[in-house]
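Every number here is computed from the coordinates shown, using simple stated rules; none is lab data. Since this is a predicted model, take the numbers as computed values, not measurements. Please note: Cβ atoms are built from the backbone with ideal geometry, for glycine as well, and neighbour counts cover all protein chains shown.
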Amino acid sequence: MSAAAERATPAESVWDAVVGQDRAVAALTAAASRAVHAYLFVGPPGSTKDEAARAFAAVLLTGVDDPTTRDARLVLAGEHPDVREIERVGAAISKAQADEIIRLASLAPVEGERKVMVLHEFHLLAADAAARLLKVIEEPPDSTTFVVLADFVPHDLVTISSRCARVPFRAIPEDVVADRLVAEGVDPQSAAEAAAASAGDLARARVLATDPELAARRRAFATVPERLDGTGATVAALVAELVELIDRSAAPLVERHTAEAAALDAQIERYGERGSGKKTLEERHKRELRRYRTDELRLGLAELAAAYRDALVDGRLDRPDAAAAAVTHVHATIAALDRNPNETLQLQALLWSLPVVAASV
């Protein structure tokens, strides 16, 4: 069965898109009948906590686990007027955006008796915005329930976190990711390779599963140490090769973004741009592409670090201090990726600092 066919199969539960999170689903199912004012879902990207937020909202609004009802279908599609999903605008959720969240929370539900506010990427929260939102999340209107989503809990979110019922999400186990991909029509070998490279991120695994160059890209990073020769020209050539490979790997994601933008443009042509969410869509596409490229670099650099450890064990690098320094440099570069550096300059600086390794036999 293809992925498209899998998604077209009638859902049996609102939780069908939530993968590998049995404990979270059980906790939320139990909580739905006695919901509190706010929930904090914490877990890594691709752990399907976003899908869980919609599923939970559907149960809160309808009182049942039935994905076929009108309300549930609208919630799961992100189109229900009483489920407001807030995406950050810019690098972080600002004080101005916090004020808009407060305004929306104060409004009465449009259709029913309850409204759900889903706040995405709340770990990217400015300090002044956190101060503004604390009171409304702690004491929202009786008709409003907050569902706050965060990859982790930074310092500025600690106080708000203490006011929410916390629901942990974990990286999806590799075998569960692979099984899901196979169920969506991916062949077992490609599913296994994509799952191994996804670090528990199902969304990333779905992109990688359509990537025929995954193995070649991993090998390109792994063979960098033996292709270095101490010259700047070689470093520049290797970096250009790696960046081009990452560019090509992102093509399926870019293609999906293009299709989403085209669909929205068609809608705008019919109904006008006002309230279309075009800016929000463009911002989401930028975030998803940046995250994808960062994850791809992390994967490649992990292969590079492993190559130095293997070279030391194999006797192709006889200085333990050189191997240790190389691995340290690689991990420092991985840590720096969170600051959105220039990829080319960052890789050039890294490769220039690394020792040459004898080719494997």
Between R34 and Q189, what is the label-point separation in nm under the 7 Å Cα-to-beta-carbon projection?
5.3
Could you check the spin-label model distance between A261 and T294? Points 7 Å from the Cα along Cα→Cβ, value in nm.
2.1
Along the principal axes of its C-alpha atoms, what lengths does segment 170-212 span, in descending order and rounded to whole Å?
26, 17, 13
If packing is taken as the average number of other Cβ atoms within 10 Å across a peptide's residues, how do 277-290, 20-33 rank, most packed first?
20-33, 277-290
Charge dipole magnitude, Cβ of K and R +1, D and E -1 - segment 196-271, Cα centre, debye nearest 20:
240
So how far, in whole Å, is the C-alpha centre of segment 283-361 from the one of segment 65-86?
43
By how many nm would the segment from A11 to K95 grow when fully extended, if each residue of separation counts as 0.36 nm and the alpha-carbon distance is taken off?
26.4 nm
Estimated FRET transfer efficiency when R0 is 51 angstrom, pair E213-E138 (beta carbons, to 0.05):
0.55
Any idea which of V148, A27, G78 is furthest toward the positive side of the dipole for segment 1-149, if Lys and Arg beta-carbons carry +1 and Asp and Glu beta-carbons -1?
V148
Packing-based ranking, highest mean first, of 338-346, 59-67 given that Cβ atoms within 10 Å are counted:
59-67, 338-346
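Would you compute, from DSSP H runs of 4+ residues alone, the mean residue ellipticity of the chain at 222 nm, taking -39500 (n - 2.57) per run and dividing by the full residue count, rounded to the nearest 500?
Details: 17 runs with 211 residues, N = 361.
Using -39500 (n - 2.57) per qualifying helix, the result is -18500 deg cm²/dmol.
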What's the ranking of 128-137, 98-107 by average number of surrounding C-beta atoms within 10 Å, highest first?
128-137, 98-107
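Add +1 for every Lys or Arg and -1 for every Asp or Glu among the other residues with Cβ under 14 Å from the Cβ of T145, and state the total. Don't skip to the end; give the middle numbers.
Values: positive: R34, R54, R84, R114, K115, R163; negative: D82, E85, E113, E138, E139, D142.
Neighbour charge sum, excluding T145 itself: 0.
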Give the distance, in whole Å, between the Cα centre of segment 229-256 and the Cα centre of segment 110-158.
39
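Given 0.36 nm per residue, what is the gain on full extension from R270 to V313 after removing their alpha carbon distance, in nm? Don't jump to the answer; show the numbers that get you there.
On the way: separation 43, 0.36 × 43 = 15.48 nm, distance 6.39 nm.
Extending this stretch completely gives an extra 9.1 nm.
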Using Cα positions and a limit of under 20 Å, work out the lysines in reach of K95, with same-chain residues fewer than 8 apart set aside.
K135, K279
To the nearest 10 degrees, how steep is helix 95-106 against the longest Cα principal axis of the chain, on a 0 to 90 scale?
30
